[in-house]
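First the structure, in the form of structure tokens, and then the observations on it.
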Amino acid sequence: MKKLSVLLIAVLLAGCAAVVKVEGDQVVKDRLSVKLPTAWNRIPHHNEPYELWTQDGVSLDQLRMWAGVKPGQALVTKPHVPMGQTAPRVPTFAANMTPDQLVSMFETMYAIDGSQVKITKVEPGRFAGEDGVRFEFGVIKKSNELQLKGTGWAAVRNNELFAATFTAPELSFYKRLLPRAEAVVATARIR
């Protein structure tokens, strides 16, 4: 019993150590620099092609940032599926994508777990100093029917994708935290 308690405490402490509080000047995937006017919590996702940051916890809000995604590279790692089931389509970037195709790629990414996604607004925008697209979307999570609202920004430079999305529950977290995410996104610059 004592060994089990020690092991449980070690696992809990290891999980806590994974979250890193970040503030000030930061670099995303060695390719994108941002300035954080307020502190964020960086959640390590070593196998994912994006960085994940949160204010109040990943179940409440997520700021994901992609930097230098190359043609043919997926936006997320392929999810594990039980034997005998077909893996869902993982959206991949292509250098010649139109703004609508970029938005559709993110729509597919957020629906990969069976959640319902609806794009509500698409408009020209800027990200990381480049012309691109800004979009808004809603997500109804399949796992718990939680309604999320999201905003995304994407631009292509030298055939590489640079992007960010912010999602949070629609009722209170989204309105409160979107200005903080926008403040980070506004400072993004390609290195």
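The values are calculated or read from the model by the stated rules, or taken from the named source; none is laboratory data. Remember, predicted model here, so these are calculated numbers, not experimental data. Every residue, glycine among them, receives a Cβ derived from its backbone with ideal geometry; neighbour counts consider all protein chains shown. Side chains are part of the model used for accessible areas, which takes the heavy atoms of the whole protein and leaves out ligands, DNA and RNA. Shrake-Rupley method; radii C 1.70, N 1.55, O 1.52, S 1.80 Å.
The average projected area of segment 47-104, computed from the convex hull of its Cα atoms over all directions, is 5.5 nm². Coordinate range of the alpha-carbon atoms in the chain per principal axis, descending: 59, 46, 34 Å. Quick one: angle between helix 2-18 and the longest Cα principal axis of the chain, in degrees between 0 and 90, rounded to 10, please. With both axes taken from Cα atoms, the answer is about 20 degrees. With bins 10 Å wide beginning at 0, the percent of Cα pairs of segment 98-190 falling in each bin runs 17, 48, 31, 5. Sparsely packed loop sites in segment 91-184 (the chymotrypsin sites (Phe, Trp or Tyr not before Pro) outside DSSP H, G, I, E and B with at most 13 other Cβ atoms within 10 Å) do not occur.
So if we plug the beta-carbon distance of Val58 and Asp100 into 1/(1 + (r/R0)^6) with R0 = 25 Å, what FRET efficiency do we get, rounded to 0.05? Efficiency for this residue pair is about 0.30. Over segment 22-134, what portion of Cα pair distances is larger than 16 Å, expressed as a whole percent? The proportion of pairs with Cα distances above 16 Å equals 68 percent. A Förster radius of 22 Å, combined with the Cβ-Cβ distance separating Ser172 from Leu36, puts the computed FRET efficiency at roughly 0.50.
In the chain, the portion of solvent-accessible area held by carbon and sulfur atoms comes to 55 percent [1.4 Å probe, whole percent, DNA, RNA and ligands not counted].
For the residue pairs Lys70/Lys175; Lys121/Lys141; Lys70/Lys118; Lys29/Lys70; Lys142/Lys175, the C-alpha atoms sit more than 24 angstrom apart in Lys70/Lys175; Lys70/Lys118. Reported value for segment 74-113: 61 Å³ per residue, from the convex hull of its C-alpha atoms. Mean silhouette area of segment 17-84, derived from the convex hull of its C-alpha atoms and averaged over all directions, reads 6.2 nm².
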